[in-house]
Amino acid sequence: MGWIVGGERKDLPKYDNLNDFFSTGVTSITSVSVSHGNEKLQNYFSYANTTGKGIIDKNRLSKHNITFRETSVMFNNRLKLDGNVNLMRQVSKNKPTVGGFYMNPLVGLYRFPRGEDLSYYRDNFEVYDESRDLNIQNWHTSYEDFEQNPYWITNRIQTKEVRMHAIVSLSANLQVNDWLTVQARGNVDCIDDKVRQKFYASTAPALAGANGRYLEMDYQDLQFYGDLMLMVKKKWGDFSVNGAFGGSITDKTTNSTRYDSKTASLYYANVFTLANIIMNGSAALDQKIDSHRQLQSLFATAQVGYKESAYIDLTARNDWSSTLSHTKHEGRGYFYPSVGTSLILSRLLTLPEWVSYAKVRAAYSMVGNDIPLYITNSASHITAGGEYLANDAAPFKEMEPEMNYSWEIGAEGRFLNSRIGFNITFYRTNTHNQFFKLPTLAGDKYAYRYVNAGNIQNQGWEIALDATPVMVKDFMWSTTFNFASNRNKIVALHEDLKEFVYGPTSFSSSYAMKLIKGGSIGDVYGKAFVRDASGNIVYETEGNNAGLPKVEGDGNTVKVGNSNPKFQLGWNHTLSYKDLSLYFLVDCRYGGKVLSQTQADMDLYGVSEITGKARDNGYVMLEGQRIENVKGFYKIVGGRAGTTEYYMYDATNIRLRELSLSYQLPASWMEKSKVLKKAQVSFIARNLFFFYKKAPFDPDLVLSTGNDNQGIDVYGMPTTRSWGFSLKCEF
């Protein structure tokens, strides 16, 4: 690998292994729609086809969408019926692993020595093993854990996911008289998923048995929803009332079966059937039979207005959830109301002529939420191989629903004949009674217990400014600027819960996402450099590590950053001239930290660009300190158990998120065609370039055009470039 050096220094050939591995992703979307009708009956039909080829070989996507909608009115327009059917079938093959080490071809690809040619292992990703009479994985180093030949993963770990999704909905509106309407709605939502995954023999033992691994999963989700509402709309002089009263029911049933041989292996190598799975305690068998969840609700809403200028909005809702059965809320459910008011000042007051519209508003609301299934009355179950597994948590009889309390104030305004406008909002929310799982006291029957606890507060600003600076005969320029900032704080957890770990925890022992009283959601804890009272890094003075920085903590004990931005900005522009239109959106994320485990792993193996430069220079610079033991330094900071602080990168970035150029074909062409009514051709691109900080503590932003693979993957920026053409026709 990169650090294993013998003999004299040599100039090795340069191979472009990364670009040889990746290819350009292509997505094609084709759609057609037809609509026809009159004032009594309207029909709409559309079909869309999506095909995709990923940047990694063997990754494919195929998707079909069919939509049919019909609306009709009858009985002198007093009854309106609206029916809709949407069908979707999607097939995804060999979807790439998102992040992590296991089953990820990028681990072996990025660790591969830079001076070696990967093409040999591409053409010979497997070799024949006479002792086993089958082909096995071929790689330059051990693949006992999670590093494997990337071409073995793309060719011999095969996944196929098929989803069928159908939604059928129907609504009916009956106008009883001039102020009362009855509305009934219902829909059926059905999802059917099938997943098949094959791991061939000699896949890393951490992932599969000696003869391979087979996973098969079927999942069906059937949901019914229905509601009935009485809606009132009435005026008395200067006063108006808009209201609704009704009830709804949501009924969801889930059935699923999952067989997974895991490391239990197969009886016969590379025979991928359920009958070939060695079904013991190392395998997995999960099944849900008619897992049932139901939510019943009664609700009411009313808006009282005065002179179409002042309004008061009131809502009330009570939910009864089946997940709260066996608790004190089983019979009475949980209630949550809201109240809001708004004043249109431009109608109530005499304002300057240049003020087109002015409004202020305020609102306070409560929102309830139930809990997962089987928490209040859970049961034991039998695992693969017939092993009995007792439930580890006590039934939660005192369960309280989660409640969110929020208030907001805001204002809107438009000026100069509505050519300039703004919308500003300040909000604060406090979420109470979060759901936590805690260890029980010694001697209790169960190992864990559930509790309600916590108070998590969010507050922030949202500001939107829009303007039409230029609007002449054939040319118009409009622009919108958005600003958003959010701060959250863990006001309280539970008296027995000092910290709560969430998010991914299996890929590294050096970091974790934690909730701690006084902290924030998004806080990252890990290992950090030991610092003196002045904030300077402390260095070892004796032994083999002399001159190397000291590291604090054995695990995720020190806060090293927060992933949330301080604020986000967006600025879009639309410029149109006759039939030509240009649109582009620039957005900015300022602040926040991202952790690059990729960079840490590459540094440990000595295959990153920065470690190559350090070897060439003979030293590493760390906050002004020269460290000459390059290998020792990266052994301390790099890898999955390395120094988290060193790999926390500033997430500030500015991007050209979207660019589109559209041309509406001349109407005269449409007249000549006698078929087309409208036709528009567009060029669309996303993330053409962006600015980001390339290294920790870097004060400057650098420009990327999306071609620097090192920068894209290592620093976690959302930098996938895409571009294409679109043609829209109306017949």
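The values are calculated or read from the model by the stated rules, or taken from the named source; none is laboratory data. Quick caveat, the model's predicted, so the values are computed rather than measured. Here the Cβ is made from the backbone with ideal geometry for all residues, glycine too, and neighbour counts use every protein chain on show.
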Open item on the list: Anything in the stretch 612-639 that is over 21 Å from Ala546 (Cβ atoms) and touching a Phe, Trp or Tyr at 6+ places or on another chain (Cβ under 7 Å)? List them, or say none.
Closed with: none
- [ ] For the stretch 264-344, please list each of the strands (runs of 3 or more DSSP E) lying entirely inside it that holds at least 1 residues being within 25 Å of Lys359 (Cβ to Cβ) and of a type in the set (D, E, K, R).
- [x] 310-321
Open item on the list: Would you confirm, using the coordinates I've provided, whether Ala166 is surrounded by 15 or more Cβ atoms within 10 Å (Cβ to Cβ) and modelled with pLDDT under 95?
Closed with: no
TODO: Can you tell me which residue within the stretch 270-288, out of those that are among the small types (Gly, Ala, Ser) and touching a Lys or Arg at 6+ places or on another chain (Cβ under 7 Å), is surrounded by the fewest Cβ atoms within 10 Å (Cβ to Cβ)?
DONE: Ser282
- [ ] Check Glu144 against each of (1) exposed (fewer than 14 other Cβ atoms within 10 Å of the Cβ); (2) in contact with an Asp or Glu (Cβ under 8 Å, 6 or more places away or on another chain) and name the one condition it does not meet.
- [x] (2)
- [ ] Mind listing whichever residues of the stretch 36-79 are under 30 Å from Ile153 (Cα atoms) and in contact with a Lys or Arg (Cβ under 8 Å, 6 or more places away or on another chain)?
- [x] Asn49, Thr50, Thr51, Gly52, Lys53, Gly54, Lys58, Asn59, Arg60, Leu61, Lys63, His64
Open item on the list: So, Ile409, is that one surrounded by fewer than 15 Cβ atoms within 10 Å (Cβ to Cβ), free of Cβ contacts under 8 Å to residues at least 24 places away in the same chain and not polar (S, T, N, Q) or not?
Closed with: no
Task: Odd one out for Tyr446, checked against (1) more than 31 Å from the chain's Cα centre (by Cα); (2) hydroxyl-bearing (Ser, Thr, Tyr); (3) modelled with pLDDT of 95 or more - done: (3)
TODO: Scan (1) surrounded by fewer than 16 Cβ atoms within 10 Å (Cβ to Cβ); (2) in a strand (DSSP E or B) for the single condition Met229 breaks and write down its number.
DONE: (1)
- [ ] Of the numbered conditions (1) at pLDDT 95 or above; (2) under 30 Å from Leu215 (Cα atoms); (3) surrounded by 15 or more Cβ atoms within 10 Å (Cβ to Cβ); (4) not polar (S, T, N, Q), Arg317 fails exactly one; give the number of that condition.
- [x] (2)
- [ ] May I ask you to list the residues in the stretch 599-651 that are surrounded by fewer than 16 Cβ atoms within 10 Å (Cβ to Cβ), more than 26 Å from Phe146 (Cβ to Cβ) and touching a residue at least 60 places away in the same chain (Cβ under 8 Å)?
- [x] Glu623, Gln625, Glu628
Task: Flag if Arg419 is of a type in the set (D, E, K, R) and under 18 Å from Lys489 (Cβ atoms) - done: no
Open item on the list: Condition first: under 24 Å from the mean Cα position of the chain (by Cα) and part of a strand (DSSP E or B). Now tell me which residues in the stretch 57-76 satisfy that.
Closed with: Arg60, Leu61, Ser62, Lys63, His64, Asn65
TODO: Hey, can you tell me all the residues within the stretch 23-56 that are outside any strand (DSSP E or B), within 30 Å of Arg114 (Cα to Cα) and either in contact (Cβ under 8 Å) with a residue 40 or more places away in the chain or in contact with a Ser or Thr (Cβ under 9 Å, 6 or more places away or on another chain) (or both)?
DONE: Gly25, Gly54, Ile55, Ile56
Open item on the list: Would you confirm whether or not the stretch 547-555 contains a residue that is assigned to a strand (DSSP E or B), more than 18 Å from Leu595 (Cβ to Cβ) and touching a helix residue (DSSP H, G or I) at 6+ places or on another chain (Cβ under 9 Å)?
Closed with: yes
Open item on the list: Is it the case, given these coordinates, that Asp601 is within 23 Å of Asn687 (Cβ to Cβ) and not aliphatic (A, V, I, L, M)?
Closed with: no
TODO: Could you please let me know if Leu174 is over 30 Å from Gly503 (Cβ atoms), touching a Ser or Thr at 6+ places or on another chain (Cβ under 8 Å) and assigned to a strand (DSSP E or B)?
DONE: yes
Task: Unique residue being of a type in the set (Ser, Thr, Tyr), in contact with a Leu (Cβ under 9 Å, 6 or more places away or on another chain) and surrounded by 18 or more Cβ atoms within 10 Å (Cβ to Cβ) when the list is Ser596, Ser563 - done: Ser563
- [ ] State all residues of the stretch 101-140 that are surrounded by fewer than 16 Cβ atoms within 10 Å (Cβ to Cβ), in a helix (DSSP H, G or I) and of a type outside the set (Gly, Ala, Ser); if no residue qualifies, say none.
- [x] Tyr120, Asp123
Open item on the list: Filter the stretch 345-392 down to the residues that are at pLDDT below 80, hydrophobic (A, V, I, L, M, F, W, C) and assigned to a strand (DSSP E or B) and list them by number.
Closed with: Ile382, Leu389
TODO: Determine whether the stretch 620-639 contains at least one residue that is within 25 Å of Phe529 (Cβ to Cβ), among the acidic types (Asp, Glu) and modelled with pLDDT of 85 or more.
DONE: yes
- [ ] Give the residue that is nearest to the chain's Cα centre (by Cα), with candidates limited to residues of the stretch 417-443 that are among the charged types (D, E, K, R) and over 19 Å from Ser520 (Cβ atoms).
- [x] Lys437
- [ ] Please specify each residue of the stretch 393-431 satisfying the condition of being aromatic (Phe, Trp, Tyr) and either under 23 Å from Trp477 (Cβ atoms) or modelled with pLDDT of 95 or more (or both).
- [x] Tyr405, Trp407, Phe415, Phe422, Phe426, Tyr427
Task: Subset of the stretch 453-475 (residues that are outside any strand (DSSP E or B) and without any contact (Cβ under 8 Å) to a residue 24 or more places away in the chain) - done: Val472, Lys473
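So that you can scan it fast, the table gives a plain yes or no per residue for (1) charged (D, E, K, R); (2) touching a strand residue (DSSP E or B) at 6+ places or on another chain (Cβ under 7 Å):
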| residue | (1), (2) |
| --- | --- |
| Lys235 | yes, no |
| Phe239 | no, yes |
| Gly247 | no, yes |
| Asp251 | yes, yes |
| Asp260 | yes, yes |
| Ala264 | no, yes |
Open item on the list: Among the residues that make up the stretch 126-147, is at least one of them charged (D, E, K, R) and in contact with a strand residue (DSSP E or B) (Cβ under 6 Å, 6 or more places away or on another chain)?
Closed with: yes
Open item on the list: Under 9 Å between Cβ atoms, which residue pairs at least 6 apart in sequence (or on different chains) link something in the stretch 117-134 that is within 26 Å of Asn19 (Cβ to Cβ) with a partner that is aromatic (Phe, Trp, Tyr) and in a loop (DSSP other than H, G, I, E, B)?
Closed with: Asp117/Tyr15; Leu118/Tyr15; Leu118/Phe112; Ser119/Tyr15; Tyr121/Phe112; Tyr121/Trp139; Phe125/Trp139; Glu126/Tyr200
TODO: Scan the stretch 500-530 for residues that are surrounded by 15 or more Cβ atoms within 10 Å (Cβ to Cβ) and assigned to a strand (DSSP E or B) and report the count.
DONE: 13
Open item on the list: Tell me whether the stretch 192-200 contains one or more residues that are modelled with pLDDT under 95 and either farther than 28 Å from Leu274 by Cβ or assigned to a strand (DSSP E or B) (or both).
Closed with: no
